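Data first, discussion second: the structure below is written as structure tokens.
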Amino acid sequence: MRHIMVATDGSSGAKRAIDVAAGLARALAGDLLIATVADSQLEEEAQQFARVEGNIGDVLEALAAKTLKDAEARARHLGVSRIELRTGSGDVAQSLIDIAAGNSVEMIVLGRRGRGQLAGLLLGSVSQKLVSLAPCAVTVVP
């Protein structure tokens, strides 16, 4: 398994997932793809910034870029050198599945819970959807 993807939303659960994925990538001399999706939780946060900054699309893009850069710095600190970054939009689970399928990912690593804890309880969490629908192995980090 040399192509590992980790999903991040900047939450503490996502940071634990980055640690696990980075450890796997380092141990297997693999590549790490770090992905984030501009979901509804991020959009609410972005709307607050947009009131000050202006265009919500620009704010969403900036927040996603910051989330990815923070995750990349964490993975590099843990010894991973081959890292790619991807941003998706729309339904979080489907977007992550699309990113994984389009990049020959062999394993997806993600936290059990991210920012959308209440939404996950009501609608089914992203981790549950990925375990059921992903075209590759999925590791859910508590």
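Nothing in this text is a laboratory measurement; each read-out follows from the coordinates by a stated rule. The structure presented is a predicted model; accordingly, all values stated were derived computationally and were not measured. All Cβ positions, glycine included, derive from the backbone under ideal geometry; neighbour counts span all protein chains shown.
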Output ordering of 67-76, 1-10 (per-residue mean of other Cβ within 10 Å, highest first) is 1-10, 67-76
Segment Leu85-Arg2, extension gain: residue separation times 0.36 nm, minus the distance between their alpha carbons: 28.3 nm
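Set the Förster radius R0 to 35 Å, insert the Cβ-Cβ distance between Arg76 and Arg112 as r into 1/(1 + (r/R0)^6), and round the FRET efficiency to 0.05. Write out the running numbers ahead of the final one.
Details: r = 25 Å, r/R0 = 0.70.
Calculated value: 0.90.
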5 Å is the cut-off here: which amide hydrogens, built 1.01 Å from N in the peptide plane, fall below it relative to Arg112, excluding neighbours closer than 5 in sequence? Val141
At 7 Å along the Cα-to-beta-carbon direction for both Ala62 and Lys15, put a label point, then send me their distance in nm to one decimal. 2.3
Separation of the Ala27 and Asp98 label points, Cα + 7 Å toward Cβ, nm: 3.3
